[in-house]
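Data first, discussion second: the structure below is written as structure tokens.
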Amino acid sequence: MSMRNTLQSPYSQWMDDDAPETDVVISSRARLARSLAGYPFPHRSSPEQAEQVIQAVNLAVRHAEFRARFGDAELTRMTELSPVDRWILVEKHLISPGFLKNTESSFECKGLVLTPDERLSIMVNEEDHLRVQCLFPGLQLEAAAGTADEADSLLEKTLDFAFSDRIGYLTACPTNVGTGLRTSVMVHLPALVLFGQVKEVLTTVSRLGLTVRGLFGEGTDAVGNLFQVSNQVTLGHRESEIIDNLASVTRHVIEQERSARQQLVRQMPVVLRDRVGRALGILKHAHTLGVEEAMRLISDVRLGVTAGLLKGPPSRVLLELMVVTRPSYLVKTSGRELSPPQWDELRATLVRKLVNAHSGGDPEEGGSPEEGDSPEEGEKGEEGGQSP
């Protein structure tokens, strides 16, 4: 998939249903922090040094062995992308929000390598020179970490990573020193939230040396009952220990969420069926939708589908909706800035179309907005709206 296709399609392979434990675990991520020996960390690098890092990484991903394993991985400079395009990559979880911080001029020093299947991405000159990230659907921490390790080994054939025999890989942030491995899972916990038990469960998780973050990682809120759980420290732990600890805790969280769902179905079947049914009805027929409302309704429908209470869109489509409903994707689809009411109208139109196409409704009810269309043609060119 080219960068152009990545930006146009809300789908990514980590959204697939055909993976272990996808009723609760949306995705598994492994990320390696690496910096090059002989260069200052990115926040201390000159533009010339940052450019040399980009050139070195570009040569490494063009190496025959890397291409044989990962295909024609494409390095894109962040200056080649519009602000909307960059935020779509965040909303698809292919780059971190932190990669977009700092001033516009800093984007000249940053690049992104993305494989055709979008499973592997490498942020160049983020907090470290390289952030190698692998994203898999469901609970597949070992597979994600194994793929990241393969990429790391192939890159190391060309690149000289900063490494200490005593403490391991050297990174800009002390919490990443050692293996440089950060693993995380994105989990959907609607039943624990409805029972008011999620805070207790996640507090226990934090006491086990893990961190709980929001939908887009550090510093972001949990929306749509989605949470990210990751290891806190890499120093002093083997990679296998980091993976096993997170996998073990995640299985415990899965059991608790499934138990809470069974309790919901058993104790309040009518209330639950009404809630998820209403959510599906609104998504199929609403003509305006706010982003938070949309995320809440999508979460309810996903609960109904995974609990067997609804015959609605498959989980993969519901995850696509979580990208489709975000501001950047709406601006990309319309081809212009939109005012908040126009966002809500276009969001509802796109949701209706996708939900009806996958749940027995009228696919044409949502219309067929194309890039450049707007909810209100008569207002085309009007000033106003907000950037994502």
Item to check | In the stretch 318-355, residue modelled with the lowest pLDDT [restricted to those that are outside any helix (DSSP H, G or I) and of a type in the set (Lys, Arg)] | outcome: 336
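Yes or no, residue by residue, for (1) at pLDDT below 95; (2) under 25 Å from residue 152 (Cβ atoms); (3) crowded, with 20+ Cβ neighbours inside 10 Å:
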site	(1), (2), (3)
13	yes, yes, no
28	no, yes, yes
37	no, yes, no
87	yes, no, yes
116	yes, yes, no
Checklist outcome for this item: When every residue in the stretch 234-261 that is outside any helix (DSSP H, G or I) and in contact with a strand residue (DSSP E or B) (Cβ under 8 Å, 6 or more places away or on another chain) is compared, the one nearest to residue 27 (Cα to Cα) is 234
Checklist entry - Is it true that some residue in the stretch 182-204 is out of contact with any Phe, Trp or Tyr (no Cβ under 8 Å at 6 or more places or on another chain), farther than 26 Å from residue 295 by Cα, open to solvent by 20 Å² or more (accessible area, probe 1.4 Å) and not β-branched (Val, Ile, Thr)? => result yes
Next on the checklist: Residue pairs, Cβ under 6 Å, 6 or more apart or interchain, first in the stretch 69-91 and among the polar types (S, T, N, Q), second buried (at least 18 other Cβ atoms within 10 Å of the Cβ). List them.
Outcome noted: 76/112; 79/107
Next on the checklist: Looking at the stretch 152-181 only, could you name the residues that are hydrophobic (A, V, I, L, M, F, W, C) and either open to solvent by 20 Å² or more (accessible area, probe 1.4 Å) or closer than 13 Å to residue 236 by Cβ (or both)?
Outcome noted: 154, 163, 167, 170, 172, 173, 177, 181
Checklist entry - Before we move on, is residue 297 at pLDDT 90 or above and either of a type outside the set (Ser, Thr, Tyr) or part of a helix (DSSP H, G or I) (or both)? => result yes
Checklist entry - Restricted to the stretch 211-239, and to residues that are modelled with pLDDT of 90 or more and out of contact with any His (no Cβ under 7 Å at 6 or more places or on another chain), which residue is surrounded by the fewest Cβ atoms within 10 Å (Cβ to Cβ)? => result 230
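The values are calculated or read from the model by the stated rules, or taken from the named source; none is laboratory data. Note that this is a predicted model, so its numbers are computed, not measured. Positions of Cβ are backbone-derived with ideal geometry, glycine not excepted, and every protein chain shown enters the neighbour counts. These area figures cover heavy atoms from the full protein model, side chains too; ligands, DNA and RNA do not enter into them. Shrake-Rupley method; radii C 1.70, N 1.55, O 1.52, S 1.80 Å.
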